[in-house]
Amino acid sequence: MTAKFFHTDDRLQKKLSQVLDLTWARFPNLAQNQIAVTWLTYAPPYSVNTGGALSPEEFWKQQPQGASYRGVELIYPASVVKLFYLVAIHEWLERGMTQTSLELERAVKDMIVDSSNDATGYVMDVLTGTTSGPEIPAGPFETWKHQRNLVNRYLQSLHWPELTTINANQKTWCDGPYGRERAFLGDGYENRNMLTTEASARLLHSIVGGVAVNAQRSQNMMTLMKRDLDPKVLAADPENQVTGFLGAGVPVATQVWSKAGLTSKVRHDAAYIEAEGSHPYLLVVFTEGTEHSTNEEILPFVSAQILELMKV
């Protein structure tokens, strides 16, 4: 079995099982195969959110303690995939594969801060040199598909075992794809985006560790992911990525960096959390099922239970 980027800790694994038992008792209609969780804990001296104090080589030697439940199950990620596109666009910019512009900066910001699907589509166009539109003949379509897999090829080039089975080559939609985009998904949507909680956790871990592309770009990503838990701010923005997600399960004074995902069939969140009186930790929770996607209590409940376990 390939070693994980975190050290699976038996004590944490037992605690995660207890959290899940509490969750299933509280939400009995949530099936055991409708939730996946990966949880990382950080002990002093902290190797994350340091502004990139460690080199990538040193950082990856610092294996955090962690636990996972169904962490390698492929699940439709909704907007959590936007974190992968965020890292990719910073890689492209760093390499000079594309140039920054006011429009690109606006799109990247809106993709993460507001989870805009329109902005994400634009970022994907820049990343891959493709555009949406009507169906095209087979030959040009093969070229188009090859281009659209640029992000996948980049992710595979990182040689992270957690990324071996994932797929990140689709735009995100409000009403759904048409034309060549629909054809690219496949008749049975077999080419849709798919992630695991462990793949998402490793990507987020690299960002907060300051080694996603480089320290400065990681910090730029963190800035976009920072969530304001002020109730007045949340009330003014119904789609705030906190209400109904992991940030809703912690005190207002807590610092949360996150990216949520929501459709009519899934509700997910990936968050790095620093709470007063607790060690920092990273938590990724995916839930599936039409009934549960509208339930704004499950993720905050799990988050609150994990926070309780993280208190010093």
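The values are calculated or read from the model by the stated rules, or taken from the named source; none is laboratory data. As the structure is a computational prediction, the values presented were derived from the model and not from experiment. Here the Cβ is made from the backbone with ideal geometry for all residues, glycine too, and neighbour counts use every protein chain on show.
Counting the residues of region 283-312 that are closer than 21 Å to Tyr76 by Cβ and outside any helix (DSSP H, G or I) gives 10.
Answer yes or no: is there a residue in region 193-213 that is out of contact with any Lys or Arg (no Cβ under 6 Å at 6 or more places or on another chain), surrounded by fewer than 17 Cβ atoms within 10 Å (Cβ to Cβ) and either among the basic types (Lys, Arg) or outside any strand (DSSP E or B) (or both). No, region 193-213 has no match at all.
Residues checked against (1) over 25 Å from Glu274 (Cα atoms); (2) buried (at least 22 other Cβ atoms within 10 Å of the Cβ); (3) out of contact with any Leu (no Cβ under 9 Å at 6 or more places or on another chain); (4) at pLDDT 95 or above:
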| position | (1), (2), (3), (4) |
| --- | --- |
| Ala3 | yes, no, yes, no |
| Phe6 | no, yes, no, yes |
| Gln34 | yes, no, yes, yes |
| Tyr42 | no, yes, no, yes |
| Gln65 | no, no, no, yes |
| Tyr76 | yes, no, no, yes |
| Phe84 | no, yes, no, yes |
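Residues in region 105-128 include at least one that is in a loop (DSSP other than H, G, I, E, B), closer than 26 Å to Thr197 by Cα and of a type outside the set (Ser, Thr, Tyr). What about Val266, is it more than 21 Å from Asn117 (Cβ to Cβ), in the same structural domain as Pro28 (by TED's automatic domain parsing) and either at pLDDT 95 or above or under 15 Å from the mean Cα position of the chain (by Cα) (or both)? The answer is no for Val266. When each of Gly71, Gly52 is tested for being closer than 13 Å to Met221 by Cβ and part of a loop (DSSP other than H, G, I, E, B), the lone residue that passes is Gly52.
Scan region 253-312 for residues that are among the basic types (Lys, Arg) and crowded, with 20+ Cβ neighbours inside 10 Å and the total you get is 2. Considering only region 234-244, I want to know if a residue exists there that is touching a Phe, Trp or Tyr at 6+ places or on another chain (Cβ under 9 Å) and touching a residue at least 24 places away in the same chain (Cβ under 8 Å). No: zero hits.
So is Lys61 buried (at least 21 other Cβ atoms within 10 Å of the Cβ), of a type in the set (D, E, K, R) and on the phi < 0 side of the Ramachandran plot or not? No.
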